[in-house]
Amino acid sequence: MSRALTIRDLPREERFAPGHRMCQGCGAAILMRHITKALPKDTIIVQATGCVEVTTTLYPETSWMNPWLHIAFENAAAGASGVEAAIKVLKKKGQLPPGKEVRVVAIGGDGGTFDIGIQALSGMLERGHDILYIVYDNEAYMNTGIQRSGATPFGAWTTTTPVGKVWHGEWRRKKDIIGIALAHRVPYVATVNPAYLPDLYAKVSKAMSIKGPKLIHAFSPCVPGWRYEPALTITIAKMAVQTGMWINYEIENGVLNVTTPVPKRKPVREYLKLQGRFRHLTDEEINTIQKFVDEQVAYINKLAGKEVIGPVEA
Amino acid sequence: MRKSFISGNIAIAEGAITAGMRFFAGYPITPASDIMEYLAERLPEIGGVVTQFEDEIASINAVVGASWAGVKSMTATSGPGFSLMLEALGLAVITETPLVVVDVMRAGPSTGVPTKTSQSDVMQVRYGAHGDYVIPVFAPWSAQEAYDLTIKAFNVAESLRTPVILLSDAVIAHLWESVLLAEPGEVEVINRKKPSSPPDEYLPYKPDNDLVPPMATFGEGYNVIVESLIHDERGFYRQDREAYRNLVKRIVNKVLSRVDSLFEVEAYYGDDYKYLLVSFGSTARSALAAARILRKSGIKASLLRLKTLSPLKLETLRKYCDEAEKIFVVENNMGKLVHDVERAAENDKVISLPLLDLEIPEPKDIVEGVRKWL
């Protein structure tokens, strides 16, 4: 194996133009900038409605240097399936040179993927289209004003899981989107995080080299939705990994590889206290979240066959 | 009554609470989301439930379910979400399920301009689902009316056992005005009719003389069958012409026969007019200002504002149109309500003024549009 990638190994060429209307410190903006670096130029991007779509394509500007297709909210995976199938047919009929590599990537937010888009996603994964689906997960419907989604974590405040006498933020747990993808027996799934860009670049590149349906789940801190100062995006993204709230890993043909091992974890409190959306949490609720994380870490370690994520340091 | 300074969206939420709504299912969509957000805080305090579903299809179907469980229920959305709800809207029609759907219109087609206003869902809300039916549609022009018409929407839904649409738009949604909110007992609240016959004699779709069957919900001791196929009075699937005609005619006529109480208009600047502006919703605010400007310059213009877009009472419209030399249908779309006005008036008198604005149309645009024809 060659040496690990560093940020200097990433292409200097920008494929995601600045000047978009995303918020200062937007995690998704960092993700898009570096995802596009890893995509071949002949890649068609199919984008669901969401923050990234709205803020990157305001007339007369666009941030996208790839061919780019905006589709409705629930159907990025279905639209991408159509594009991919059409390319296949065009090649078969000799309209496209057989050697011409045209790739398809679908991008959606957590709402457009975990909730309303899951039917289309399941269809795409099941039919086996050669598509990389990337979900940028900011853990709520941020574009419409911070309503909870199936990706909102336990305890988080949103406008539809308010904090008051009756409710105390979200009381359900986040859906396991990787588990859902794996249930379709896909060849490659991975998680990426904007604080670990060489890892992200390597995973997107690898996904593009694999035939068949792939899913990448991207951690996407959101300044207005998570209630923190814009300067803290990377701090929070890093802290998510250091506390085990987020684990960077990939599963290729059933084999799990944790790409960011954490020998000693920090308590989840360190992650939660950076964000206003968790400010109401009681010690008991924080302990519950710690328990959820401990369970997930134990599960990942079991799959890895060794302790890649360590215990919480005292 | 108490006075409160609230937005149109909050007025809809408050109107629903006054009318007795205790179950809200929804999915985020601009510019309707704050109805759900407001209710997420308010409803749990008074024993109600707000559930956010995974999409609009699930939301309206949950509302159908909740209504059959005996609770007044509502969902709120905008054009794209409404499109997803159309199948279940037809289900609510044939199963005669009382419910209210709020459509806060935004510019389309498709994602359109989510944050900007429009009145282009006029056809979708009335005719979007397949099959034969008439759904009552009310269109408020102020926060107060958003409150009042939401209560009316529930009363109609409950008394006629039908889905009812409240057709608002992005301007009304975010318009803050003083609204008089009713205390319990201060406004009429109608609840669905319950069966009086013993359970073994109950036929779930046998109408009374008013064409509306009493509605037993789950858990009340009656055999309830909720059937989306064409059914007879027992609720059993029938594929013969007689049962089909009976059912479809009845669900259409139970609404049409109430057109007198359902159809409401308001006229401004009295009987003495030569030119009649016809408008509804937020655009009517500009049309009223336009009529005022025209009057000041000596042109006898009046405004007729429709509060109900379905069912329409053409005789009423005709009465107003007959007095006018020219009729201008002012709407923020490519011209939709104009087709109905053309049916009511002599065709050559009716002029369409489609504004297709993303903001509330400016009165001067309407004045200019009218002047061209004088």
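The values are calculated or read from the model by the stated rules, or taken from the named source; none is laboratory data. As the structure is a prediction and not an experimental result, all values here were calculated from the model. With ideal geometry, Cβ positions are generated from the backbone for all residues, glycine too; neighbour counts draw on all protein chains shown. Side chains are part of the model used for accessible areas, which takes the heavy atoms of the whole protein and leaves out ligands, DNA and RNA. Shrake-Rupley method; radii C 1.70, N 1.55, O 1.52, S 1.80 Å.
Say the dipole of the range A:7-304 comes from +1 at the beta carbon of Lys and Arg and -1 at that of Asp and Glu; which of A:99, A:134, A:60 then lies farthest toward its positive end?
Highest projection toward the positive end goes to A:99.
Nearest 100 Å² is fine: what is the total accessible surface buried where chains A and B meet, probe 1.4 Å?
Rounded to the nearest hundred, the buried surface is 1400 Å².
If the cut-off is 22 Å between C-alpha atoms, which lysines fall inside it for residue B:319, apart from same-chain ones fewer than 8 positions away?
Candidates past the 8-residue exclusion: B:274, B:300, B:307, B:336, B:349.
Using a loss threshold of 40 Å², tell me which positions in the range A:113-149 are less accessible in the complex than in their chain alone. Probe radius 1.4 Å, ligands and nucleic acids ignored.
A:116, A:144, A:147
Which value in nm describes the separation of the simple spin-label points at residue B:356 and residue A:312, placed 7 Å from the Cα toward the beta carbon?
6.1 nm
With a length cut of 20 Å (Cα positions projected on each helix's long axis) and a Kyte-Doolittle mean of at least -0.5, go through chain A and give me the DSSP H helices that pass.
The qualifying helices are A:76-92, A:283-304.
Which chymotrypsin sites (Phe, Trp or Tyr not before Pro) does the range A:55-122 hold that lie in a coil by DSSP with at most 16 other beta carbons within 10 Å?
Here no chymotrypsin sites (Phe, Trp or Tyr not before Pro) fit, given the DSSP loop and packing criteria.
Work out the length of the dipole vector of the protein assembly as shown about its Cα centre, built from +1 on the beta-carbon of each Lys and Arg and -1 on the beta-carbon of each Asp and Glu, and round it to the nearest 20 debye.
The calculated dipole for the protein assembly as shown is roughly 1800 debye.
Give the carbon-plus-sulfur fraction of the accessible surface of chain B in %, rounded to a whole number; probe 1.4 Å, heavy atoms of protein chains only.
Looking at chain B in its full context, I get 52 percent from C and S.
What nm distance separates the two modelled labels at residue B:189 and residue A:264, each placed 7 Å from Cα along Cα→Cβ?
It works out to 6.1 nm between the two label points.
Using helices alone, what [θ] at 222 nm do you get for chain B, with -39,500 (n - 2.57) per DSSP H run of 4 or more residues, divided over all residues and rounded to the nearest 500?
After summing the helix terms and dividing by residue count, I get -11500 deg cm²/dmol.
What order do A:197, A:69, B:317 take when sorted by accessible area (1.4 Å probe), most exposed first?
A:69, A:197, B:317
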